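Asks: My questions all concern the structure below.
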Amino acid sequence: MVNVAILGFGTVGSGVAEVLAKNAEHIDQKVETPVRLKYILDVRDFPGSPFEDKVVHDFSVIENDPTVEIVVETIGGATVALDYTRRALSAGKSVVSSNKELVAEHGYELLQLAAQKGVSYLFEASVGGGIPILRPLSQCLAANELTEVCGILNGTTNYILTRMIRSGLTFEAALKEAQANGYAEKDPTADVEGRDACRKICILAAIAFGRHIYPQQVPTEGISGVTLADVAYAESCNRKIKLLGRAVKEPDGRVCAYVAPHLVDAEAPLAGVEDVFNAIMVKGDAIGDVMFYGRGAGKLPTASAVVADVMDAARHIQSRKHIEWGPGGEDVTVSPDQFPFRWYVRAAGSAAAVRTAFPGAALLSRPGAPAEEVAFLTAGAMTRAQLDAALGDLRPLSVFRVLA
Ligand code: HSE
């Protein structure tokens, strides 16, 4: 018998309790021992819930119970969750987490601690919700030299962009829908400003390239600057606006990672990823391109990934399930500002000014554009500094990369 405790009975935590209860027979068969939920830690009580008798308010009850071997951390954030994760690992318990903020900030330290204690620290649900991505990346693609990971990593912003593109909905109305469906973070600015996607690309890059990458090393831009005008200009050149997290391994071994809105060719696989779905493209020298696709947010898809990790940890109680990467450092990353990209620009100015400043640029049009607005795609690739220098009198309103 393996006893489990869940920390945090919110959307994901309650989903985990439901999946453990609903699929108990199947889980026990696969793990070859009963897996039982013993405690739920939360500051609240849940009168009337089928799990109300499991609720405790004091973490030390779980920490000091030697029969609890697996702790599920679905609290979120990097304060209380960090403290409890350290204490659970130190007490010799495996920890399964959906907490991307904690892994992105403290993954290296927590994996080291898990290794010292001979237990597992698993977090498949922290990236891509229900999509199996971390395990394939660390195990199934291990024979490859990986060169790039790029994807739509946030369901809330993809939902918002899809609703703007397909239905002309305002940003605010689309965000309300995403929140009502339980996709958004408690504070939706983490989604909207790209911080959630940033944490996820940090985790993906650490697994793909073997060194910890901290969120503050990853320039991050969200979608709050994307307007319906940009959506219309993108459509006019057969492209869609998508928020992408990218991490590219440069020839010198450093990693160029960033999060930003991009114009993506409407026929490209990533452009077809809509609503709350996520997709992650991985490039490897032997495998070429692989794409992982599925529901990137939501209670049950995320809970399904957590429970799969619980089952994996339960099977490896004696042997420890191994994920690891090396320490972070300033030498690990390189800024995207050092590299040339093709750009989409919407600006206040004239078409004549664009033709002079950007010879060969493709001018774009949209119905109802104000007379003083211009939009264009640069003819070729240039660094951000070269773009800014060329703008001259043109006053930029939106500037996004074009995915090559
Ligand atoms: N808020 C996140 C998203 C949840 O929208 O993708 C899943 O990590």
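Asks: Mind listing whichever residues of the stretch 149-178 are closer than 19 Å to His262 by Cα, part of a helix (DSSP H, G or I) and within 16 Å of the ligand (Cβ to nearest atom)?
Replies: Gly155, Thr156, Thr157, Asn158, Tyr159, Ile160, Leu161, Thr162, Arg163, Met164, Phe171, listed by residue number.
Asks: Across the stretch 21-65, what is the total count of residues that are out of contact with any strand residue (DSSP E or B) (no Cβ under 7 Å at 6 or more places or on another chain) and of a type in the set (D, E, K, R)?
Replies: Adding up the residues that qualify gives 10.
Asks: When Gln318 is evaluated against the numbered criteria (1) more than 30 Å from Val96 (Cα to Cα); (2) without any contact (Cβ under 8 Å) to a residue 24 or more places away in the chain; (3) not hydroxyl-bearing (Ser, Thr, Tyr), which criterion, by number, is the only one it fails?
Replies: (1)
Asks: Looking only at the stretch 60-92, which residues are of a type outside the set (Gly, Ala, Ser) and touching a residue at least 60 places away in the same chain (Cβ under 8 Å)?
Replies: The answer is Asp65, Thr67, Val68, Glu69, Ile70, Val71, Val72, Glu73, Thr74, Ile75, Tyr84.
Asks: Go through the stretch 18-46 residue by residue and tally those that are of a type in the set (D, E, K, R), under 21 Å from Gly298 (Cα atoms) and either loosely packed, with under 14 Cβ neighbours inside 10 Å or more than 28 Å from the chain's Cα centre (by Cα) (or both).
Replies: 1
Asks: Right, next: Whether any residue in the stretch 106-120 is of a type outside the set (Asp, Glu), under 19 Å from Val71 (Cα atoms) and within 16 Å of the ligand (Cβ to nearest atom) is what I want to check.
Replies: There is at least one residue in the stretch 106-120 that is of a type outside the set (Asp, Glu), under 19 Å from Val71 (Cα atoms) and within 16 Å of the ligand (Cβ to nearest atom).
Asks: Which residues, taken from the stretch 86-105, are in a helix (DSSP H, G or I) and either within 15 Å of the ligand (Cβ to nearest atom) or within 20 Å of the chain's Cα centre (by Cα) (or both)?
Replies: Hits for the stretch 86-105 are Lys100, Glu101, Leu102, Val103, Ala104, Glu105.
Asks: Which of the residues spanning the stretch 107-148 are in the same structural domain as Pro188 (by TED's automatic domain parsing), outside any helix (DSSP H, G or I) and among the polar types (S, T, N, Q)?
Replies: Asn144, Thr147
Asks: I would also like to ask the following. Within the stretch 273-287, does at least one residue satisfy the condition of being closer than 30 Å to Arg36 by Cβ, within 16 Å of the ligand (Cβ to nearest atom) and buried (at least 24 other Cβ atoms within 10 Å of the Cβ)?
Replies: no
Asks: If Thr220 satisfies all but one of (1) touching a Pro at 6+ places or on another chain (Cβ under 6 Å); (2) among the hydroxyl-bearing types (Ser, Thr, Tyr); (3) within 14 Å of Thr157 (Cβ to Cβ), what's the number of the condition it fails?
Replies: The failed condition is (1).
Asks: Please return the ranges of helices (runs of 4 or more DSSP H) entirely within the stretch 187-294 where 2 or more residues are more than 21 Å from Leu169 (Cβ to Cβ) and either modelled with pLDDT under 95 or charged (D, E, K, R) (or both).
Replies: Passing ranges, in order: 195-209.
Asks: A further question follows. List pairs: first residue in the stretch 178-190 and within 15 Å of Pro301 (Cα to Cα), second residue more than 9 Å from the ligand (Cβ to nearest atom) and assigned to a loop (DSSP other than H, G, I, E, B) anywhere in the structure, Cβ distance under 7 angstrom, at least six positions apart or on different chains.
Replies: The qualifying pairs do not exist here.
For every residue, the table says whether it meets (1) within 24 Å of Phe209 (Cα to Cα); (2) under 24 Å from the mean Cα position of the chain (by Cα); (3) in contact (Cβ under 8 Å) with a residue 24 or more places away in the chain.
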{"residue": "Gly298", "(1), (2), (3)": "no, yes, yes"}
{"residue": "Gly360", "(1), (2), (3)": "no, no, no"}
{"residue": "Ala369", "(1), (2), (3)": "no, no, yes"}
{"residue": "Leu377", "(1), (2), (3)": "no, no, yes"}
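Asks: Something else about it: Could you run through the stretch 69-85 and say how many residues are in contact with a Ser or Thr (Cβ under 6 Å, 6 or more places away or on another chain) and part of a strand (DSSP E or B)?
Replies: Count: 2.
Asks: Before we move on, is Glu148 buried (at least 21 other Cβ atoms within 10 Å of the Cβ) and modelled with pLDDT of 95 or more?
Replies: The answer is no for Glu148.
For (1) under 30 Å from Ala362 (Cα atoms); (2) charged (D, E, K, R); (3) not assigned by TED's automatic domain parsing to the domain that holds Leu153, each residue gets a yes or a no:
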| position | (1), (2), (3) |
| --- | --- |
| Lys200 | no, yes, no |
| Ala206 | no, no, no |
| Glu221 | yes, yes, no |
| Val259 | yes, no, no |
| Ala268 | yes, no, no |
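Asks: Something else now. Please state which of the following conditions Ala229 fails to meet, knowing it meets all the rest: (1) in contact with a helix residue (DSSP H, G or I) (Cβ under 8 Å, 6 or more places away or on another chain); (2) farther than 30 Å from Ala78 by Cα; (3) among the hydrophobic types (A, V, I, L, M, F, W, C); (4) surrounded by fewer than 21 Cβ atoms within 10 Å (Cβ to Cβ).
Replies: Unmet for Ala229, out of (1) in contact with a helix residue (DSSP H, G or I) (Cβ under 8 Å, 6 or more places away or on another chain); (2) farther than 30 Å from Ala78 by Cα; (3) among the hydrophobic types (A, V, I, L, M, F, W, C); (4) surrounded by fewer than 21 Cβ atoms within 10 Å (Cβ to Cβ): (1).
Asks: Which residue out of Asp393, Asp331 is exposed (fewer than 14 other Cβ atoms within 10 Å of the Cβ), part of a loop (DSSP other than H, G, I, E, B) and among the acidic types (Asp, Glu)?
Replies: Of the residues listed, the single one that is exposed (fewer than 14 other Cβ atoms within 10 Å of the Cβ), part of a loop (DSSP other than H, G, I, E, B) and among the acidic types (Asp, Glu) is Asp393.
The values are calculated or read from the model by the stated rules, or taken from the named source; none is laboratory data. Bear in mind the structure is a predicted one, so any value in this text is a computation, not a measurement. FYI the Cβ positions are ideal-geometry reconstructions off the backbone, even for glycines, and counts take in every protein chain you see.
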